[in-house]
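The values are calculated or read from the model by the stated rules, or taken from the named source; none is laboratory data. What you see is a predicted model, and the numbers here were worked out from it, not measured in a lab. All Cβ positions, even for glycine, are placed from backbone atoms using ideal geometry, and neighbour counts span all protein chains on display.
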Amino acid sequence: MTAHDSALPDDVDALKAMVRAITEKTALLEQRNAHLEQVNKGAEERITRLMAIVKMLERARYGTRSERLGKDRLSDDQYALALDEIETGVAALAAEREKTTGRPTKRPPRPRKGFAAHLERVEVVIEPDDPAGCEGLERIRIGEDVCERLDVTPAKFRVIVTRRPKYVYKGRDGVIQAPAPARIIASGIPTEALLAQIAVSKYADGLPLYRQEAIYARDGVLIERSQMAQWMGKVGFELEPLAAYALARIKQGERIFADETTLPTLAPGAGKAKTAYLWAYVRDDRPFGGRDPPIVVYRFEDSRAGECVARHLEGYRGILQVDGYAAYHRLARPEGANEGVQLAACWSHVRRKFYELHVSDASIVAAQTLEQMAALWALEERVRGKPALTRMKARQAEAAAVVSGLFALWEKELPKLSRKSKLAEAIRDALTRRASLERFLSDGRVELDSNTVERAIRPQTITRKNSLFAGSDGGGRTWAAIASLLATAKMSNVDPHAWLTQTLERIANGWPNREIEALMPWNYRP
């Protein structure tokens, strides 16, 4: 008799019970294995689908021209959004697998970045319990394991209670009391920090006042959006001189960018929406090694007329880098008020037209144009941030031949085309602006494109979806002034909330106009 035989019961009923238990346990194991197999199969199929999407995105972005220039080409933001969703999906699958199998998913090692030094550290020490038999014995510490995790405390409202005692002196007439602290909103309830919070949320983060009203209500703080709107009007009024000063600083630049975009506007008295315009002006000398701060200023107008940009840039003498809008060309006319302005055109706008033709018509000329243009942007990546003279020499050595080849191609193909064709229109547009398109070859301060100002406008185009203005005399001017300074703070890598809080406090306390430079975002010191 073996050891296993001796462990079996002699009673038949007990033996039957043991067999039933083994059978049930085996069935449970088979059921669990079948579930695991099903989960793994489903996870593998979903991972395969996600990886196929990743490969599609990679082909669309990095593949050959035929793969990359398809009609469904995505923008950089769309790539980022798609990849974020894929990361989320893979993480969800990993969590499901971990829960099902009870085993953690093996992840590739990834170096952990340290947290910023200014963040508050909260020490939590977890001491072990004494094992059995070790109670009362002396413990000798031989080391420790330390880990850091990022935590957050949700923003909470608080009430600042200010008491100003009144005193009299024995034997003297009169009452003494400390003066009341200065405020942006006289006799109002908000501190400058709260005003900054509302302004940054609305004008920098695209969170309209009605949503802020609902968010604050969750904390039991009831602030009507009409009241917040009035506060923002006061803030915009106080910041308008700073925005005007920022525009003056922009016009001191050797090369600046300009662009405009549409905004929804309520026509006074009509109750209908019409189109207004946001004009944007940017100075950023960093691409050619300049040391002056980057600045962006917006101006809200009811019109797109050329007199708007002429008024904004009155007195400017330098290089103006823009798209093909005719209003800018008027500034460069000898008889204009801005005599001395040199226009530099944007190659991205030229490329965009040929790209659309390649996608819709599979034009051979458009495809050749796009292929040759790619070398221009490749060169710009290498010379960005270098001195203007270095950039100019590199462009003369490499880009000049590419540009000459492009214009030769266009001049050769134009006579073969119908005058009314889209391709002929794109070629004529490039040929008529040849001088301004070639300006980057002889001047290292000029950029290849005007993407700098387009990036500055993009956040405002997102914000406008949650806005309906009432003309330039209404909230539009306020919005332009506040958004200008907050966007400039971001360009200077300055926390816009911290800067605006400090600035409003300074203004409330009577900061002198002659020292306005110290208030600007690029001079912020905590």
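Structural remarks
- Scanning the stretch 178-196 for residues that are surrounded by 10 or more Cβ atoms within 10 Å (Cβ to Cβ) and either assigned to a loop (DSSP other than H, G, I, E, B) or more than 48 Å from the chain's Cα centre (by Cα) (or both) yields ALA178, ALA180, PRO181, ALA182, ARG183, ILE184, ILE185, GLY188, ILE189, PRO190, THR191.
Residue-wise test of (1) part of a helix (DSSP H, G or I); (2) at pLDDT below 90; (3) at positive phi; (4) buried (at least 22 other Cβ atoms within 10 Å of the Cβ).
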site	(1), (2), (3), (4)
TRP479	yes, yes, no, yes
LEU485	yes, no, no, yes
HIS497	yes, no, no, no
ALA518	yes, no, no, no
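- Cβ separations smaller than 8 Å between residues 6+ apart or across chains give the following pairs from the stretch 337-365 residues that are farther than 20 Å from LEU441 by Cβ to residues that are at pLDDT below 90 and among the hydroxyl-bearing types (Ser, Thr, Tyr): LEU357/SER363.
- Entry remark, the stretch 169-220: residues being more than 25 Å from ARG477 (Cβ to Cβ), in contact with a Ser or Thr (Cβ under 9 Å, 6 or more places away or on another chain) and without any contact (Cβ under 8 Å) to a residue 12 or more places away in the chain number 1 in total.
Let's see how each residue does on (1) more than 30 Å from MET491 (Cβ to Cβ); (2) out of contact with any strand residue (DSSP E or B) (no Cβ under 8 Å at 6 or more places or on another chain); (3) exposed (fewer than 14 other Cβ atoms within 10 Å of the Cβ):
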{"residue": "HIS358", "(1), (2), (3)": "yes, yes, no"}
{"residue": "ALA362", "(1), (2), (3)": "yes, yes, yes"}
{"residue": "GLU381", "(1), (2), (3)": "no, yes, yes"}
{"residue": "GLU413", "(1), (2), (3)": "yes, yes, no"}
{"residue": "ARG428", "(1), (2), (3)": "yes, yes, no"}
{"residue": "SER436", "(1), (2), (3)": "no, no, no"}
{"residue": "GLU447", "(1), (2), (3)": "no, no, no"}
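- THR162 being over 38 Å from the mean Cα position of the chain (by Cα) and closer than 30 Å to ARG218 by Cα: yes
- Taking the listed residues VAL168, VAL159, VAL152, VAL175, the one that is loosely packed, with under 10 Cβ neighbours inside 10 Å and over 30 Å from ALA214 (Cα atoms) is VAL175, with no other qualifying.
- Identification of strands (runs of 3 or more DSSP E) wholly contained in the stretch 283-398 with 2 or more residues that are modelled with pLDDT of 95 or more and farther than 26 Å from ILE427 by Cα yields 295-301.
- Taking the criterion of being closer than 30 Å to PHE440 by Cα, of a type in the set (Val, Ile, Thr) and in a helix (DSSP H, G or I), the only residue of the stretch 229-265 that qualifies is ILE250.
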